[in-house]
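The structure appears right after this line, and notes come after that.
The values are calculated or read from the model by the stated rules, or taken from the named source; none is laboratory data. These numbers were taken from a predicted model, which means no experiment stands behind them. Glycine also receives a Cβ, built like all others from the backbone with ideal geometry; neighbour counts cover every protein chain displayed. When the accessible area is computed, the model is the full protein with side chains, heavy atoms only, and any ligands, DNA or RNA have been set aside. Shrake-Rupley method; radii C 1.70, N 1.55, O 1.52, S 1.80 Å.
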Amino acid sequence: MKPEPLSSELPPAGLPQEVVAVLRDLLPPPGDGLALHEPRFAGREWDYVKDCIDSGWVSSAGAYVDRFEAELAEVTGAGHAIACMNGTAALHLGLQLAGVERGDEVLLPALTFVASANAAAYIGAVPHFVDSEETTLGLDPQRLAAYLKDIATFDAEGRCRNRATGRRIAAVVPMHTFGHPVDMDPLLELAAKTGIAVVEDAAEALGSTYKGRGAGSLAPLAALSFNGNKIATTGGGGALLTDDAELAARARHLTTTAKRAHAWAYEHDEIGYNYRMPNLNAALGCAQLEQLPGFLAAKRELAARYAEAFAGLAGARFFTEQGFARSNYWLNLLLLDETAAADDSSPDSSARDAVLAASNAAGYRTRPAWNLMPSLPMYKDCPRMDLAVAESLARRIVNLPSSAILGTGIAHAR
Ligand SMILES: *Cc1c(COP(=O)(O)O)cnc(C)c1O
């Protein structure tokens, strides 16, 4: 067989090799493998955790929980923070407090981590998947507005309903992908017009800002995560954020088995959860937040170096923040060009997979984006809009090693 002539549309044959060369040049030697994102404990973690153990305050109350909550409110600009045992729990609670009920629909990006959809499903609500925007990787407010015009109607009480299913569209969950904020203002405007509640999934975006406002303070309710791979970690943990004092009080009540304050009696007045963050984890979190400014600076510096190093690359570009945003650059990424990603000159691997295979073989733990939610068995029958952009993004994203330790000032210090 004669080889096909190479079209000028095709990516350079060496895209995977060029990516690996940049990683080799920019990052420390990978040793047994350079993680996608590793936590860094270089502050007072030991002191604070030991203090919990010495004092006996290890569980779901304690001074570190209070302090962690106060500091989260300060960092994000939200009025109140309620520390939870993980981000999924915070999101579940947030949707419930937003008024989502069994049988409602919740608008969610198709390109997200599965926890966003699971949180809606725990309530018995139905995820309704929405397309993403090429420039933010997050939910596209303009396309969502056009879509709702098409498929939504308003009932006698003025509530937004899916005309096809009859179900109420109760909430929308913008997720700030890899730390890059969704274009929130048009989304908030749309939500106000339609009466759809907004719950921010800010799990990946602690420290990011949108038009100067902190991620997690952009909607009436928001969820953060402090899982081990996030920018700041409590081991496992999350937080619900809100400006509303009443919602905050309800969140505290629901996270502590809906137990009413009493000196000795067990009085529970509704079905609550055991969702509170233990003091031990909050102690770790307090030490992490002390280092957050350093983490953010290191990650922005690393992103800037990636941007420069990949500037001349043909076939892919380094993804950077929008003018309205300041990203925490939680996970850095390369976005392959459409033409490069569509190249299937190799029968059993896409261009993206070739980049992933070469970089992982070289010891750099690069990763693809998540599979789109409707491709998962439990969400395959959920309603969705046309997902052309999300589908394209999912084929083109390659996440790059992004630990704060790789930024200058911290790099090579381990
Ligand atoms: C991490 C994450 C969550 C959930 O957080 P956990 O603390 O792991 O439960 C939710 N949504 C997104 C987008 C996340 O990245």
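Sub-6 Å Cβ pairs linking a first residue in region 385-403 that is farther than 26 Å from Pro39 by Cα to a second residue that is polar (S, T, N, Q) and at pLDDT 95 or above, at least 6 apart or interchain, are Val389/Ser132; Ala390/Ser132; Leu393/Ser132, ordered by first then second residue.
Restricting attention to region 89-114, the residues that are within 22 Å of Ala245 (Cα to Cα), open to solvent by 10 Å² or more (accessible area, probe 1.4 Å) and within 15 Å of the ligand (Cβ to nearest atom) add up to 1. Can you say whether Thr339 is open to solvent by 30 Å² or more (accessible area, probe 1.4 Å), of a type in the set (Ser, Thr, Tyr) and not in a helix (DSSP H, G or I), as far as the supplied structure shows? No, not satisfied.
Report, by residue number, each residue of region 134-176 that is within 30 Å of Ala404 (Cα to Cα) and within 16 Å of the ligand (Cβ to nearest atom). Within region 134-176, Thr136, Leu137, Gly138, Leu139, Val173, Pro174, Met175, His176 meet the criteria. Every condition in (1) open to solvent by 40 Å² or more (accessible area, probe 1.4 Å); (2) away from the ligand (no atom under 16 Å from the Cβ) holds for Asp131 except the one numbered (1). Just so you know, in region 70-88 the residues that are within 14 Å of the ligand (Cβ to nearest atom) and part of a loop (DSSP other than H, G, I, E, B) include one that is surrounded by the most Cβ atoms within 10 Å (Cβ to Cβ), and it is Asn86. For region 142-176, which residues satisfy the criterion of being touching a residue at least 60 places away in the same chain (Cβ under 8 Å), open to solvent by 40 Å² or more (accessible area, probe 1.4 Å) and part of a loop (DSSP other than H, G, I, E, B)? Residues satisfying the conditions are Ala164, Thr165, Arg167.
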